[in-house]
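Participant: Can you read through this structure? Questions will come right after.
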Amino acid sequence: MQYDSAGRLIEYATRLGASYLDIRYQDVASEVVTVENGVLKSFESGRTSGAGIRTIVNGAMGFSSDTDTAPSALREKVRWAVKMAKASAMSAEPKHLATVNPVKDSVRTPFKIDPEDVPNEEKVSIAMDANKEAMLGGEIRNSTSRLGWFHEHRHFISSEGSSVDVETVMVGLSQLSVALVEGRMERVYDGESLCKGFEFIEGRDWNAFSRDVSEMAVKATKASTPSAGVYEVVVDPELIGLVLHEAFGHASEGDLVTTKESVLEGRIGQRVASPLVTIVDDGNVDGGYFLPYDDEGAKKTRQVVVEEGILKGFLHSRETAQKLGVPSSGNGRAQDFESPPIVRQTNYFLESGDQTLEEMVEDVKDGLYICGRGAGGGQVDVGLGTFTFRAGPSYTIKNGRLGELVRGVSISGAVLQTLMDVEAVGKNLSVRTSFFGGCGKSGQRARVGHGGPHTKIRRMIIGGGG
Amino acid sequence: MMVDLVEVAERAVAVAERLGADEAEAYISSSSRLQVSFDERIDLTSATVTTGLGLRAVLGKKVGLHANSSIKTKDIEGVARSAISIARVSPSDPDWFSLPTSFGSLPVEKTFDKRIAETSPDLLVEAASQTIDTVRGYDPRVTPIRSTLNTSVTHIAIADSHGLALERSGTVVSLSLGAMAEEAGKKGLSNEHSLTRNWEEVDFKAMAVASAERALRVTDAKPIPTGEVSVVWRNDLFARVLDTMFSRTLTADSVQGGRSPWAGRLGEEVASDSFSLFDEGLRVAGVGTREFDDEGSPQKTLTLIDRGVLSNYLYDCYTARKYRVSSTGNARRGYQTAPTPQPNNLILQPGDAEQEELIRETKRGLYVVEAIGEWLSNPISGDLSATVTNGFLIEKGELTEPVKGVIVAGNFFDMLKGGIDLIANDLRNSGRVYSPSVRVLRMTVAGGL
């Protein structure tokens with residue numbers, strides 16, 4: 001039905017002068033169950049649907065969207081998208097999109113149990129049990145557990161003849177524990193999510209997971225903050241993905257490259273990292289986010305960004321690919337039907353090497369072992385090439401051995417320096433994604449995956465705590 | 001509005017009651033937004049329309065929420081059935097009392113700009129084009145990058161089983177402007193942001209000039225060595241620090257839930273006597289100013305820290321009932337989520353000093369204009385850190401070298417107790433938080449690889 005009405009909308013747009021039109025229908029069902037200190041705080045469930053329409057008229061691009069997807073409403077939105085394009089036709093940059101072969105395909109995340117079919121009682125009881133398990137006596141002042149899922153359909157149809165239907169299911173559980181010990185308060189947050197059905201929730205021991213988070217929060221209250229300075233660090237697999245995402249991922253996004261903002265602009269073929277570093281962006285990786293096609297109907301390819309330290313390519317939408325004369329890598333992603341696609345990472349990770357954690361720690365004299373569990377996230381200024389992130393509770397390394405726990409570890413580095421300083425890469429690769437988190441860019445949030453093995457970096461700036 | 005939102009809300013409540021809910025509340029939002037994104041030319045012009053209905057159904061002390069982006073009559077019954085079925089399986093909340101039974105609305109000023117409500121894409125495209133020209137005209141080495149200008153109009157209607165039926169409308173205009181300067185292979189970048197309720201409040205020209213001027217000035221920025229210095233924080237950046245440190249912890253739900261460092265400390269001296277913090281719910285043209293909050297309670301001015309003394313928390317109806325006080329009018333939500341208490345317009349009381357005095361009074365320090373990662377700071381332990389992206393060294397009261405790539409860090413709780421020794425008079429907002437520029441006498445700077 002969508003396809004038929006889309007055909008009529010495309011015809012209508014052509015009559016109004018459009019040389020290109022795409023329509024993205026989206027329909028998402030989702031729930032988040034929140035339990036705080038043993039009480040169900042909220043059970044939020046919802047359904048969102050709508051359509052976004054993108055068009056090119058006289059070289060200018062216009063976009064419109066509506067939560068009303070009735071054919072008459074969308075016809076009005078086509079008119080609006082055309083009006084938007086025309087409004088800026090005089091002062092807009094002419095738009096050209098890299099060629100993609102029209103595709104007709106339908107793909108879905110492999111899942112067994114649709115979360116929609118799971119009784120609500122069961123969802124509440126899993127979150128409730130995990131929540132109570134995390135309340136370790138008087139030291140835990142707050143335990144907040146969230147169980148969430150979504151089931152989404154995205155249908156992309158274009159005037160070029162593409163029709164791509166992607167069905168995604170994602171589930172996850174998160175735990176926040178706040179501990180108060182001898183007047184010192186600290187919090188640790190962690191979550192586990194996967195693009196799978198409810199079988200992922202049923203197959204895991206969430207009580208052990210939430211208890212671990214609480215134990216870490218209690219320990220962290222007793223930890224001190226490291227003194228400010230430059231340290232040699234070993235990064236754990238949970239954190240290396242975040243480092244990579246901020247330190248390099250954003251700078252390799254095609255839109256920041258074509259505007260010349262990124263410090264990586266013009267460096268294809270140059271050495272940008274240690275020879276131990278190979279970085280890949282892939283839409284389908286174990287543990288990561290599932291993205292077979294992007295929101296421009298382009299197939300997501302396995303894109304090698306850095307190979308043995310040499311910059312090989314960037315992440316592209318159709319527009320940025322066209323500007324650099326390369327094919328789209330399938331990285332044109334939109335938060336939802338209300339947002340136009342922009343260049344985003346999918347699963348961005350470091351390929352594994354050959355060292356063990358012990359070997360890496362062994363020859364660090366005075367450094368830090370920085371860890372991802374409880375990490376806050378990060379941010380980068382791509383133009384300046386400066387990035388920052390916050391690690392979870394971490395450990396000192398003294399004379400080749402792991403030492404005491406430290407907290408409040410904020411880290412900063414330079415995009416063109418940090419990966420040059422990689423001294424060793426570990427054996428085991430792991431990639432993670434998150435239902436609850438995501439990456440923000442231009443006001444849009446995208447779910448991404450990231451990861452890598454243990455990695456040793458020669459120098460990073462560590463901010464001292466208070 | 002073509003659709004009478006209050007009528008839809010009342011109908012949803014009636015349907016939920018007919019299907020067996022003891023109480024019900026419908027929250028409806030409808031908004032339309034125009035946006036132009038641009039760099040050295042216009043990139044994309046867009047128009048979006050979003051609606052949504054969030055329905056809370058109550059059975060005894062059990063509450064369920066279901067939301068749908070459709071507000072069409074045919075979809076209401078399905079929403080009500082889902083909300084009720086969730087309420088049915090929910091465990092009873094012993095603290096649940098009822099949906100709001102008292103409500104009211106107060107007049108507000110300058111929160112709705114007719115010009116924005118009736119605007120066309122041409123006005124935005126024209127303003128964006130002029131801004132591009134101003135930046136480029138300032139100096140040929142500077143171009144705008146990743147900039148957006150948008151306007152939105154939002155209508156909200158709320159109805160519940162106890163007779164609540166209110167609606168309000170508001171407008172917002174937001175300009176986010178980036179500028180990039182290139183000189184001898186070196187790059188300087190700067191950003192300016194503005195979020196206001198009225199079109200006339202946006203000073204396009206001043207923002208364009210400020211960002212172009214600073215982008216040129218920071219092309220040579222570098223880290224300074226690790227050490228301790230005084231730090232002057234620009235107003236809108238410090239507003240973001242205040243947001244991170246207070247907005248989620250001065251709320252009654254975080255206090256009652258045991259996740260606030262301010263729990264059990266009312267009446268305690270938590271800051272120096274020059275530090276006062278307010279939530280000014282009826283501020284003229286305030287970004288968070290509304291006739292009533294998201295549960296239909298009127299907003300007001302609330303003193304949170306009175307000359308250093310912690311004096312109040314922010315409440316919605318549920319948390320107020322729990323402590324036997326009245327809602328402070330701080331309930332906030334989107335249609336898909338349940339309300340929680342949040343600041344409306346959080347304001348740090350300005351001081352007497354001109355902003356330039358803060359710099360002039362500083363022998364050696366760092367003036368931080370832009371930073372990243374300040375939002376990663378920890379409001380529970382007070383660990384504050386931010387990575388400077390646009391800063392200047394202060395030497396003998398003068399701004400000298402541009403600085404970037406250093407982490408400034410300190411403990412926010414110590415900063416409150418005298419660490420912040422100068423507060424300027426230049427109040428400015430970032431989102432719903434308003435702050436003057438401040439000086440912190442001593443902070444750690446980590447830098448210099």
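Participant: Answer yes or no: is there a residue in the range B:103-115 that is closer than 30 Å to residue B:316 by Cα, more than 14 Å from chain A (Cβ to nearest Cβ) and of a type in the set (Asp, Glu). Break it down stepwise before answering.
Facilitator: First, pick out the residues of the range B:103-115 that are closer than 30 Å to residue B:316 by Cα: B:103-113.
Applying the additional criterion that residues be more than 14 Å from chain A (Cβ to nearest Cβ) yields B:103-113.
Of the ones still in play, those that are also of a type in the set (Asp, Glu) are B:109, B:113.
Scanning the range B:103-115, I find at least one residue that is closer than 30 Å to residue B:316 by Cα, more than 14 Å from chain A (Cβ to nearest Cβ) and of a type in the set (Asp, Glu), so the answer is yes.
Participant: Then there is this: When you go through (1) out of contact with any strand residue (DSSP E or B) (no Cβ under 9 Å at 6 or more places or on another chain); (2) within 14 Å of residue A:232 (Cβ to Cβ) one by one for residue A:418, which number turns out not to apply?
Facilitator: (1)
Participant: Test of understanding: among A:204, A:184, which residue is within 11 Å of chain B (Cβ to nearest Cβ), free of Cβ contacts under 8 Å to residues at least 40 places away in the same chain and open to solvent by 30 Å² or more (accessible area, probe 1.4 Å)? Walk me through it before giving the result.
Facilitator: Numbers: A:204 fails: within 11 Å of chain B (Cβ to nearest Cβ).
Result of the check over A:204, A:184: A:184.
Participant: For the range A:1-68, give me every one of the strands (runs of 3 or more DSSP E) that falls completely inside it and has 2 or more residues that are free of Cβ contacts under 8 Å to residues at least 60 places away in the same chain and in contact with a Phe, Trp or Tyr (Cβ under 8 Å, 6 or more places away or on another chain). Explain how you work it out, then say what you get.
Facilitator: Working: elements: A:18-36, A:39-57, A:60-66.
Because the criterion is at least 2 residues that are free of Cβ contacts under 8 Å to residues at least 60 places away in the same chain and in contact with a Phe, Trp or Tyr (Cβ under 8 Å, 6 or more places away or on another chain), the strands (runs of 3 or more DSSP E) in the range A:1-68 that meet it are A:39-57, A:60-66.
Participant: Just for strands (runs of 3 or more DSSP E) wholly inside the range B:131-238: which have at least 2 residues that are of a type outside the set (D, E, K, R) and under 18 Å from the mean Cα position of the chain (by Cα)? Walk me through it before giving the result.
Facilitator: On the way: elements: B:142-160, B:165-183, B:186-196, B:227-233.
The strands (runs of 3 or more DSSP E) meeting that bar are B:142-160, B:165-183, B:186-196.
Participant: Just checking, how many residues over the range B:432-449 are away from chain A (no Cβ under 13 Å) and open to solvent by less than 60 Å² (accessible area, probe 1.4 Å)?
Facilitator: Of the range B:432-449, the ones away from chain A (no Cβ under 13 Å) are B:432-439, B:441.
So of that shortlist, the ones also open to solvent by less than 60 Å² (accessible area, probe 1.4 Å) come out as B:433-439.
Count: 7.
Participant: Now, a different point. What number of residues in the range B:116-130 are more than 14 Å from chain A (Cβ to nearest Cβ) and over 23 Å from the mean Cα position of the chain (by Cα)? Full working, then the answer.
Facilitator: To start, the set of residues in the range B:116-130 that are more than 14 Å from chain A (Cβ to nearest Cβ) comprises B:116-118.
Now narrow it down to the ones that are over 23 Å from the mean Cα position of the chain (by Cα): B:118.
Final tally of qualifying residues: 1.
Participant: Quick one: in the range B:381-396, which of the residues that are open to solvent by 10 Å² or more (accessible area, probe 1.4 Å) and not in a strand (DSSP E or B) is nearest to the other protein chains (Cβ to nearest Cβ)?
Facilitator: B:381
Participant: Quick one: in the range B:305-326, of everything that is among the polar types (S, T, N, Q) and open to solvent by 30 Å² or more (accessible area, probe 1.4 Å), which residue is modelled with the lowest pLDDT? Before you say what the answer is, go through the steps one by one.
Facilitator: Initially, the range B:305-326 is screened for residues among the polar types (S, T, N, Q), giving B:311-312, B:319, B:326.
This time we only want the ones that are open to solvent by 30 Å² or more (accessible area, probe 1.4 Å), so: B:311-312, B:326.
Details: B:311: 98, B:312: 98, B:326: 95.
That would be B:326.
Participant: Could you please give the count of residues in the range A:357-373 that are in a loop (DSSP other than H, G, I, E, B) and open to solvent by 40 Å² or more (accessible area, probe 1.4 Å)?
Facilitator: First, pick out the residues of the range A:357-373 that are in a loop (DSSP other than H, G, I, E, B): A:363-365, A:371-373.
The next check asks that each one be open to solvent by 40 Å² or more (accessible area, probe 1.4 Å); those that pass are A:363, A:365, A:373.
Going through the range A:357-373 one residue at a time, the tally reaches 3.
Participant: Follow-up. Give me the residue from the range A:420-444 that is within 14 Å of another protein chain (Cβ to nearest Cβ) and over 22 Å from residue A:384 (Cα atoms) and, out of that set, surrounded by the most Cβ atoms within 10 Å (Cβ to Cβ).
Facilitator: Checked the range A:420-444; the qualifying residue surrounded by the most Cβ atoms within 10 Å (Cβ to Cβ) is A:437.
Participant: Can you name the number of the only condition in (1) open to solvent by less than 40 Å² (accessible area, probe 1.4 Å); (2) within 15 Å of residue B:29 (Cβ to Cβ) that residue B:154 fails?
Facilitator: Condition not satisfied by residue B:154: (1).
Participant: So residue A:345 passes all but one of these: (1) within 14 Å of another protein chain (Cβ to nearest Cβ); (2) buried (at least 18 other Cβ atoms within 10 Å of the Cβ). Which condition number does it fail?
Facilitator: Against the list (1) within 14 Å of another protein chain (Cβ to nearest Cβ); (2) buried (at least 18 other Cβ atoms within 10 Å of the Cβ), residue A:345 comes up short only on (1).
Participant: Restricting to the range A:137-152, name every residue that is among the small types (Gly, Ala, Ser) and assigned to a strand (DSSP E or B).
Facilitator: The initial filter retains those residues of the range A:137-152 that are among the small types (Gly, Ala, Ser), namely A:137-138, A:143, A:145, A:148.
Selection gives A:143, A:145, A:148.
Participant: Based on this model, can you work out whether residue B:229 counts as more than 13 Å from every other protein chain (Cβ to nearest Cβ), open to solvent by less than 30 Å² (accessible area, probe 1.4 Å) and of a type in the set (Val, Ile, Thr)?
Facilitator: Numbers: more than 13 Å from every other protein chain (Cβ to nearest Cβ): no; open to solvent by less than 30 Å² (accessible area, probe 1.4 Å): yes; of a type in the set (Val, Ile, Thr): yes.
Spelling it out, it is not the case that residue B:229 is more than 13 Å from every other protein chain (Cβ to nearest Cβ), open to solvent by less than 30 Å² (accessible area, probe 1.4 Å) and of a type in the set (Val, Ile, Thr).
Participant: Right, next: Collect the residues in the range B:397-428 that are in a loop (DSSP other than H, G, I, E, B), within 14 Å of chain A (Cβ to nearest Cβ) and charged (D, E, K, R), keeping them in residue-number order.
Facilitator: Of all residues in the range B:397-428, those in a loop (DSSP other than H, G, I, E, B) come to B:397, B:404-406, B:425-427.
Remaining after also requiring within 14 Å of chain A (Cβ to nearest Cβ): B:404-406.
The answer is B:404, and nothing else.
Participant: Out of the residues in the range B:107-120 meeting the condition of being assigned to a loop (DSSP other than H, G, I, E, B) and open to solvent by 70 Å² or more (accessible area, probe 1.4 Å), tell me which one is modelled with the lowest pLDDT. Full working, then the answer.
Facilitator: Going residue by residue through the range B:107-120, those that are assigned to a loop (DSSP other than H, G, I, E, B) are B:107-113, B:118-120.
If we keep only those that are open to solvent by 70 Å² or more (accessible area, probe 1.4 Å) as well, we get B:107, B:109-110, B:112, B:118.
Values: B:107: 97, B:109: 98, B:110: 98, B:112: 98, B:118: 92.
Going through the qualifying residues, I end up with B:118.
Participant: Since residue A:138 meets every condition but one in (1) within 13 Å of chain B (Cβ to nearest Cβ); (2) farther than 29 Å from residue A:170 by Cβ; (3) at pLDDT 95 or above, which condition does it not meet?
Facilitator: (3)
Participant: Considering each of B:206, B:285, B:263 in turn, give the residue that is within 30 Å of residue A:221 (Cβ to Cβ), surrounded by fewer than 22 Cβ atoms within 10 Å (Cβ to Cβ) and aliphatic (A, V, I, L, M).
Facilitator: Details: B:206 fails: within 30 Å of residue A:221 (Cβ to Cβ); B:285 fails: within 30 Å of residue A:221 (Cβ to Cβ).
Only one candidate passes the filter, namely B:263.
Participant: Moving to a separate point now. Show the residue pairs that are 6+ apart or on different chains and have beta-carbon atoms under 7 Å apart, the first residue being within the range A:115-126 and at the interface with another protein chain (Cβ under 7 Å from one of its Cβ atoms) and at negative phi, the second being among the β-branched types (Val, Ile, Thr) and open to solvent by less than 60 Å² (accessible area, probe 1.4 Å).
Facilitator: Sorted first by the residue in the range A:115-126, then by its partner, the pairs are A:120/B:86; A:120/B:89; A:121/B:89; A:124/A:33; A:124/B:89.
Participant: So the check is Cβ under 8 Å with 6+ separation or different chains; which pairs have a first residue in the range B:131-150 that's more than 13 Å from chain A (Cβ to nearest Cβ) and a second one that's in a helix (DSSP H, G or I) and of a type in the set (Val, Ile, Thr)?
Facilitator: Close Cβ pairs satisfying both conditions: B:134/B:209; B:138/B:209.
Participant: Sticking with this structure for a sec: Just give me the residues in the range B:289-304 being among the acidic types (Asp, Glu), open to solvent by less than 10 Å² (accessible area, probe 1.4 Å) and farther than 8 Å from residue B:329 by Cβ, in sequence order.
Facilitator: From the range B:289-304, those among the acidic types (Asp, Glu) are B:291, B:293-295; that's our starting set.
Next cut, open to solvent by less than 10 Å² (accessible area, probe 1.4 Å) only: B:293-295.
Once the filter is applied, which keeps residues that are among the acidic types (Asp, Glu), open to solvent by less than 10 Å² (accessible area, probe 1.4 Å) and farther than 8 Å from residue B:329 by Cβ, the range B:289-304 yields B:294, B:295.
Here's the yes/no breakdown for (1) of a type in the set (A, V, I, L, M, F, W, C); (2) assigned to a loop (DSSP other than H, G, I, E, B):
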{"residue": "A:243", "(1), (2)": "yes, no"}
{"residue": "A:248", "(1), (2)": "yes, no"}
{"residue": "A:263", "(1), (2)": "yes, yes"}
{"residue": "A:268", "(1), (2)": "yes, yes"}
{"residue": "A:274", "(1), (2)": "no, yes"}
{"residue": "A:281", "(1), (2)": "no, no"}
{"residue": "A:284", "(1), (2)": "no, yes"}
{"residue": "A:296", "(1), (2)": "no, yes"}
{"residue": "A:305", "(1), (2)": "yes, no"}
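Participant: Which ones in the range A:207-232 are part of a strand (DSSP E or B) and either without any contact (Cβ under 8 Å) to a residue 12 or more places away in the chain or open to solvent by 30 Å² or more (accessible area, probe 1.4 Å) (or both)?
Facilitator: Filtering the range A:207-232 down to residues part of a strand (DSSP E or B) leaves A:224, A:229-232.
Passing the criteria: A:224, A:230, A:231, A:232.
Participant: How many of the residues in the range B:328-354 are farther than 24 Å from residue A:440 by Cβ and open to solvent by 30 Å² or more (accessible area, probe 1.4 Å)?
Facilitator: Result for the range B:328-354: 4.
Participant: How many residues are within 11 Å of chain B (Cβ to nearest Cβ) and assigned to a loop (DSSP other than H, G, I, E, B) if we restrict to the range A:394-419?
Facilitator: Of the residues in that region, 3 qualify.
Participant: Of the residues in the range A:89-125, how many are within 23 Å of residue A:163 (Cα to Cα) and either part of a loop (DSSP other than H, G, I, E, B) or among the aliphatic types (A, V, I, L, M) (or both)?
Facilitator: Narrowing the range A:89-125 to residues within 23 Å of residue A:163 (Cα to Cα): A:95-111.
Pick out the ones that are also either part of a loop (DSSP other than H, G, I, E, B) or among the aliphatic types (A, V, I, L, M) (or both) and you get A:95-103, A:107, A:109-111.
Number of matching residues: 13.
The values are calculated or read from the model by the stated rules, or taken from the named source; none is laboratory data. Treat the numbers as computed from the prediction; the structure is a model and nothing was measured. We place every Cβ from the backbone using ideal geometry, glycine too, and count neighbours over all the protein chains shown. The area values use the complete protein model at the heavy-atom level, side chains included, leaving out ligands, DNA and RNA. Shrake-Rupley method; radii C 1.70, N 1.55, O 1.52, S 1.80 Å.
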